[in-house]
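Worksheet: the structure to be examined is printed underneath.
A short reminder: the numbers here are calculations on the coordinates, not readings from a lab. Everything numeric in this text was worked out from a predicted model, so none of it was measured. Every residue, glycine as well, gets a Cβ built from its backbone with ideal geometry; the counts of neighbours run over all protein chains shown.
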Amino acid sequence: MTSNIDTILAQGGNGTDDTKTGAIVTPLYFSTSYRHPGLGESTGFDYARLNTPTRHILEEQLAVLEQGVQAFATSSGMSAIDLVFSAVLKTGDHFLTSDDLYGGTFRYFDRIVEQRGVTYDVCSSIDDFAQKIKPETKLIWIETPSNPMMKIFDIKKLRERLQLQFPNVLIAVDNTFLTPIFQQPLKLGADVVVHSATKYLGGHNDILAGAVIAGNDELAAKLESTLLTQGQVLDSFSSWLLIRSLKTLHLRMKRHDENGKFLAENLKTITGVSSIHYPGVGGMISFYLDDGYDVNLFLKGLHIGSFAESLGGPETLITIPAVQTHHDMSESQRLALGITEQLIRVSAGLEDKNDLLIDLKQAISGAEL
C-alpha cells in the first residue's frame, strides 16, 4: 500500500464497497438502525450514534492522513475540542494553552472548562510551558500557526523539553490551518490532533464538521467512550461530503499555499499596509491597515474577497478578528496579543493570485481617509 499522501487522498473510499457493487464512490448510508443477525450478533453496525458505514470510512482515512491509531469525526470543530477536554480532564485538573488561539476556544475555556472545576494558564513560549507545569497539569493545548497572529510553536522541541520531566503531560495540537499536507503533529511528538474540518479539510464552505485523531490506543479508548456517551458525532451525509472533499485536499492546499505566499510577499509593498503576519506556509495571512485607513470602507470596496466568517474554502474570505472571531475576549486581552481593530485576516482562496492582489490593492486604496 502506498504511503504517498496524494494517492491516499485521491483513492479515499475507493474499494470500500467491492464485496457488494464495486462502486468507486463511497456509498452513503442514511440508516440510523441496523438489523442484528441474532442475539449477541452484530454486523459491526448497530446504531448511528455508535457507528455508521460512511462515518467509519471517513474516520479510517483521517487516521491514516494524520498517522494516528484512531480518528473520530464530530459535528463541529468546537465539538472536537470539547471531546478532547471531556475525555482527558476531570475536576481538579490543570492544563496549559498557548496565548494566541481562536477566540471561540478561549470562550470555551472560560465558560465551560472552568465550570467543571478545571483550571488553566496561558503561555507564550516553550520555556513558559515548562515553567508553568504543575503536578495536576494533564494537557498542553496549542495552535500552530495560531489564529490570528500566525505564531509558530515547534512541536518537536516542546515534546523534547517535556520528555524527561513531564512525559505524561499530553500535547494536543489544532492543525486546522496547515492540515496533514503541511504538518503532521503526531509524527512531531503530539498525542492528539484536532481539526475544524469545516475549514480546509472540507474546503468548500458547505460542511460543518470536526475531527480528532489519537496517537495512542489508551487515549483513543478514552475519546471513543466519551464520544459514544456525549453523541457529538458527524452525520452520514456530512461524512460523505467530507470524504469527497478530502480527495482534492492536496491540490487545494497547493493553490492556497501559492496564493498565500504571493499575497504575503506583495501586501507588504502596498501603501496603507503597516505590517503582515504570515507563517511561511499555507493560505492564512493577517495584516494591519494603517490608522489613516477605514476598515469598513476597505470591506465595502472588495469585489472578490468576501467579508465573512470562517476560512479554508475556494472563495477568499476576509475576517476582522476584533469584531468576529475574538469579540468575546476583553479589549485588554486582544490588545495584548496585537488584535486591534485594524487587523485584517485573509483566507486566500483558489482564485487567480493576481486578481486577488488587484482586489486587495484597490480596496485598500479606496479606504484611505
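Odds and ends about this structure:
- Projected label distance in nm at Phe237 and Glu224, using a 7 Å step from Cα toward the beta-carbon: 2.9 nm
- Here the chain is assigned +1 on the Cβ of each Lys and Arg and -1 on the Cβ of each Asp and Glu. Its dipole about the Cα centre then comes out at about 440 debye.
- The residue among Thr32, His250, Ser196 whose Cα reaches farthest toward the positive pole of the charge dipole of the chain, with charges on the beta-carbon of Lys, Arg, Asp and Glu, is Thr32.
- The chain: angle of helix 53-65 to the longest principal axis, Cα-based, in degrees nearest 10: 60 degrees
- In degrees, nearest ten, helix 249-267 long axis to first principal axis of the chain (Cα): 10 degrees
- Selection among Phe109, Val88, Phe182 by position relative to the dipole of the stretch 5-247 gives Phe109 as farthest towards the positive end (Cβ unit charges, Cα centre).
- Distance in nm between pseudo-label sites at Ala23 and Asp352 (7 Å out along the Cβ direction from Cα): 3.9 nm
- Computing FRET efficiency as 1/(1 + (r/R0)^6) for Thr43 and Asp128, where r is the C-beta to C-beta distance and R0 is 51 Å, gives about 0.50.
- Remark: relative contact order (the chain) = 18 percent; criterion is Cα-Cα distance under 8 angstrom and separation of 6 or more residues.
- Charged neighbours of Glu265, selected by a Cβ distance under 15 Å, balance to +2 (K, R count +1; D, E count -1).
- Tilt relative to the chain, helix 77-88 - C-alpha long axis, 0 to 90 degrees, to 10: 60 degrees
- Two-site FRET efficiency, Leu299 against Glu258, from Cβ-Cβ distance with R₀ of 22 Å, rounded to 0.05: 0.35
- Take the Cα of Glu315, step 7 Å toward its Cβ, do the same at Thr340, and the gap between the two points is 3.0 nm.
- Using just its DSSP H runs of length 4 or more, each adding -39500 (n - 2.57), the chain gives a mean residue ellipticity at 222 nm of -10000 deg cm²/dmol after division by all residues.
- Added length on full extension, which subtracts the Cα-Cα distance from 0.36 nm per residue, Ile112 to Ala10: 32.8 nm
- Calculated FRET efficiency for the pair Ser3/Thr269, C-beta based, R₀ 41 Å, to 0.05: 0.50
- Assuming charge only on the beta carbon of Lys and Arg (+1) and of Asp and Glu (-1), the dipole of the stretch 250-365 about its Cα centre is about 300 debye to the nearest 20.
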